[in-house]
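To start, the structure under review is shown below, and the notes come after it.
What follows is calculated from the coordinates using simple rules that are stated; it is not laboratory data. Just so you know, these numbers come straight off a predicted model, no measurement behind them. Cβ atoms come from the backbone with ideal geometry, glycine included; neighbour counts cover every protein chain shown.
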Amino acid sequence: MNTGERATDIDADNLPEGEDKRAAVRQMFDTIAPRYDLVNRIMTFRMDVGWRRKTVKALDLPPASRVLDLACGTGDFCVELAAGELQPMGSDLSFGMLEAARTDAPLMHADALALPVADRAVDGATCGFALRNLVELNGFFDEVARVVRPGGRVAFLDVAEPPNRIMRWGHGIYFDKVVPWIGGKLSDPAAYRYLPKSVAYLPEPDDLLRSLRSHGFADAQRRLFSGGIAQLFVATRDRELPPP
C-alpha cells in the first residue's frame, strides 16, 4: 500500500544516539503521524486505549489537576486525561504529530529535555510509549522533577517483555515480525522496523526505577498490563526535595 508518505532514513540495525537520534526520531514521527493512530489500534488490538485509561486512573489526582503529557503525539493521553476530569496540556518534538492531534488541549512544540514550563507548574505528568525515543532518560527525569510540584504524580507507559517464557516467545515473534509488516503496509516501513528495535534503548526495569527514585520519586513502582506486554511506572514527587 503506497500512502504517499516520505520514507524515513532511520537505520533500525544501527540505532542512533545523541543529536542523531533526536533528528531521526523527529523525522520518523513527522512521517508516520497521518496514520499513527490507525496503526496503533490495529497493532495492539485496541488494548492501548485501555492501557491509557488505566494510566490516568493510576495518577490518582483530584479533578481539575494540571497534567503535562510529554511526547503527546496526536493527543491520545490528553483525550483520556480530559475524560478523567483533569486539565491536560501536551508537548512533542514532532510538529507533524502535533498537526495531526485530535485534542482541544493546549499543545507545545518542545523537546522533553528542555521544556518551556515553569518550575513546579503542574500537578502531574504522563508519557506514553516514548521513553525509548528520548535522547537520555536522566535529563528527562530532571525536567519532570523540575516541572512537577512536590506531591504531584507521574505515570509513564511503555512496552515490555512478558515475564512468562512462552508468552515472551510469542510476543517476540509478533513484535519483531508482524508489527513491522503491518506498519510497512499501512505507513512507513523503515519506521516500523525501527520501533521494535528501539526497545533496546530501555534500561532494565529495576534500573529505571532506581533512576526515578534518585530523581525525587522515592515511591516509584512498576505495574504490568496484559500479561506483561506493557509496563507502567508510577511515582509521587517527593515533598522533601533532594538538594540540587
Mind listing whichever residues of segment 150-169 are assigned to a helix (DSSP H, G or I) and surrounded by fewer than 13 Cβ atoms within 10 Å (Cβ to Cβ)?
165, 166, 169
Taking into account only those residues within segment 47-80 that are acidic (Asp, Glu) and part of a helix (DSSP H, G or I), which is farthest from residue 125 (Cα to Cα)?
48
Quick one: would you say residue 173 is surrounded by fewer than 21 Cβ atoms within 10 Å (Cβ to Cβ), free of Cβ contacts under 8 Å to residues at least 40 places away in the same chain and not in a strand (DSSP E or B)?
yes
Can you give me the number of residues within segment 92-116 that are polar (S, T, N, Q) and either in contact (Cβ under 8 Å) with a residue 60 or more places away in the chain or surrounded by fewer than 17 Cβ atoms within 10 Å (Cβ to Cβ) (or both)?
1
Find the residue count for segment 131-146, including only residues that are in contact with a strand residue (DSSP E or B) (Cβ under 7 Å, 6 or more places away or on another chain) and crowded, with 21+ Cβ neighbours inside 10 Å.
2
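Hey, can you tell me all the residues within segment 49-67 that are under 15 Å from residue 88 (Cβ atoms) and small (Gly, Ala, Ser)?
Once the filter is applied, which keeps residues that are under 15 Å from residue 88 (Cβ atoms) and small (Gly, Ala, Ser), segment 49-67 yields 64, 65.
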Of everything in segment 81-91 that's free of Cβ contacts under 8 Å to residues at least 40 places away in the same chain and surrounded by 24 or more Cβ atoms within 10 Å (Cβ to Cβ), which residue is farthest from the chain's Cα centre (by Cα)?
88
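What do you reckon, is residue 183 in contact (Cβ under 8 Å) with a residue 24 or more places away in the chain and closer than 28 Å to residue 26 by Cα?
Against the criterion (in contact (Cβ under 8 Å) with a residue 24 or more places away in the chain and closer than 28 Å to residue 26 by Cα), residue 183 qualifies.
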